[in-house]
1. So, counting K/R as plus one and D/E as minus one, what does the shell of residues with Cβ under 14 Å around residue A:130 add up to?
2. Given the pairs A:301/B:231; A:128/A:331; A:40/A:180; B:40/B:180; A:331/B:180; A:128/A:231, which span a C-alpha to C-alpha distance of over 29 angstrom in this model?
3. Taking one equal scatterer on every alpha-carbon of the stretch B:28-154, how large is log10 of I(q)/I(0) by Debye at q = 0.11, 0.14, 0.17, 0.20 1/Å?
4. Output wanted: per-residue J couplings in Hz (rounded whole) for the stretch B:276-284, from phi through Karplus 6.51 cos²θ - 1.76 cosθ + 1.60, θ = phi - 60°, x for Gly and Pro.
5. Name the residue farthest towards the positive end of the dipole of the stretch B:3-341 from the options B:317, B:275, B:22, assuming +1 on Cβ of Lys and Arg, -1 on Cβ of Asp and Glu, about the Cα centre.
6. Where in the stretch B:152-258 are there trypsin sites (Lys or Arg not before Pro) that are in a DSSP coil and have at most 12 other Cβ atoms within 10 angstrom of their Cβ?
7. Could you give me the ³J(HN,Hα) list for the stretch A:242-254, computed from phi with Karplus coefficients 6.51, -1.76, 1.60 and θ = phi - 60°, whole Hz, x at Gly and Pro?
8. Quick one: of the DSSP bridges fully inside chain A, what percent are antiparallel, nearest 5?
2 protein chains.
Amino acid sequence: MDPTERFLRACRRQPVDRPPIWIMRQAGRYMPSYQAIRDKVSFMELCRSPELCTEVTLMPIDQIGVDAAILFSDILIPLEGMGLDVSFDDRGPRVSPPLRTAAEVDGLRVDGADEEVAYVYEAVRQIKTALSGRVPLLGFAGAPLTLAIYAIEGGSSRNRHSVRKMVYEAPEVLERLLDKLATVVTRYLRHQIDAGVDVVQIFDTWGGTMSLADWRRFSLPYTARIMEGIKDTGVPIVHYALDSAHLTEGLVELPCDVLSVDWRQPLSLIREQTGGRFALQGNVEPGVLTCADEHIYAAAKACLDDYGDGPGHIFNLGHGITPDVSVAAAKALVDAAKELGAR
Amino acid sequence: MDPTERFLRACRRQPVDRPPIWIMRQAGRYMPSYQAIRDKVSFMELCRSPELCTEVTLMPIDQIGVDAAILFSDILIPLEGMGLDVSFDDRGPRVSPPLRTAAEVDGLRVDGADEEVAYVYEAVRQIKTALSGRVPLLGFAGAPLTLAIYAIEGGSSRNRHSVRKMVYEAPEVLERLLDKLATVVTRYLRHQIDAGVDVVQIFDTWGGTMSLADWRRFSLPYTARIMEGIKDTGVPIVHYALDSAHLTEGLVELPCDVLSVDWRQPLSLIREQTGGRFALQGNVEPGVLTCADEHIYAAAKACLDDYGDGPGHIFNLGHGITPDVSVAAAKALVDAAKELGAR
């Protein structure tokens, strides 16, 4: 089966020869070939270079044989377009200045923010050409809430108390920020789609740190608006949430095709809870990739067996692949998923 | 109502005049009086001094008016008794050497490990004397799985891949470690009870990072064994789990009196899911304590309203109080819980 057809059909819960497999962060620090490029350029320089993005995006297709490519970029790129400084160091992403006041939120660029990061769309075009139809290409962006949390905290944060303070003391400021982010991300994803991505994924990495009630208020409507805003393109939409067992009741209200979940809950349970209305992506526990091949094989089998028969499974990890993994281990997972999935 | 009677009755889901309130980490870094002591001694020196532990344990009783005291100590203390080095720096706890092999696990002391940390039981005795019945005293320990994760990783860990590797490649080594920990923690808590604690809490802080299937295998039986092993004392048992929405089905199998949960799920939902068979502790979101008093008041009201009528609510945060909180804010929460709870 053609890999693009297989992926799109899986998203739409139509029968396929086997579940497609790709891996979150499949082009990344675990690869010596990626590290060789990062020895020469910073993470943001890499993101801003369509040529380098193309080279990196294709690495896992060639080296581990995944069934889909995902644009090499970062979920925080739209923040750069809006006028914030985005950088990365050993401790993770840095966004400055951190947004704390209504005036700071009001000062963010909306119109033109999408055009500021046109290097992303150029990367998509170059990647599509380089792929020449071998596998489908996923585009992506951060969910408004997750982007807002990074922007307000100024990066990763253990307690996210600056966000919590805004939730309690100035929810209307947070909502204004989320509104702007939803507009920018919608346009940003439309550009990616225009440039050729076959599927888009929205990452709500931090949504699960909130209660269902807060997530319903501060994430669901904004992500849903983005999804509605790109629906006419016909491109399947994947929603990823980390640590989301308490959010399932809200996740089912998202107008998307695929729910991508972490390793905490079996796919069979989510499938039952969502009434089979979504394709499901995931959810092998990333730590298994630090183990011997037999354990990787067993984990792939357990995931496929748990999902069970019927269409709508996109094989993936439950979270991104980590730098302590070997390329051989990643390839072992891909090989196992391909072999075991073809039944 | 006598505070000890109120607390014990709440644990047993018997009617009380109002829900008792205490706060996880209520004696800690947010208090200038605590910081003044820490300027002079290290965290472990403080833990090893019954006199200083007594002084610190009583601080929140005097300063914010909580309804219960909790022994000042750390969940990792039993690891010290077993022969590991436990210390604390800016990045959190350090346990060395990290346990990775069967031989290292086999080398851990079990018999006598409880006696190695007899300073804890002496602290309990001195605290009980100092409290002279004003409020009840909670003792505590880490759950075997949480202790094992710290011991294997050598401290806090983002991915916990050393543990994951052991889960896949050497589960029998992990089980041997958990077995030892369950034995030591049982004795450790029995000593605390003998010395006078009125209630014990077992912290499974990292349990929620595992799937339900893994938690059922690597946490439930060991924590349950501890609970069974102290049941005859008649002291109520509280179980705390962070991030446990996917574990509820397993948590209900714990032979304990109180389930303490984080802020992700409303208490009303847990109460419904557990059929009212447990008292519930929690679950105000800790970040609200960085906000103005009106928000603290509203959060207290929301939590009490959500729990609703009927006995069995112990008011608390959903996780520990953080260093960025003021003593006045902590007191505002206690005052609000007392006022609003008395209906």
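1. Computed value for this residue: -1.
2. A:301/B:231; A:40/A:180; B:40/B:180; A:331/B:180, as the Cα separations exceed 29 Å there.
3. -0.42, -0.66, -0.92, -1.17
4. x, 7, 10, 6, 10, 10, x, 9, 5
5. Of the candidates, B:275 comes out farthest on the positive side.
6. B:158
7. Karplus-based 3J(HN,Hα) across the stretch A:242-254 equals 8, 6, 10, 4, 7, 9, 3, 4, x, 4, 5, 8, 6 Hz.
8. Details: 6 of 30 bridges.
Bridges in chain A that DSSP calls antiparallel: roughly 20 percent.
The values are calculated or read from the model by the stated rules, or taken from the named source; none is laboratory data. Worth saying up front: this structure is predicted, and the values here are computed from it rather than measured. All Cβ positions, glycine included, derive from the backbone under ideal geometry; neighbour counts span all protein chains shown. Protein only, heavy atoms only, side chains kept; ligands, DNA and RNA dropped before computing areas. Shrake-Rupley method; radii C 1.70, N 1.55, O 1.52, S 1.80 Å.
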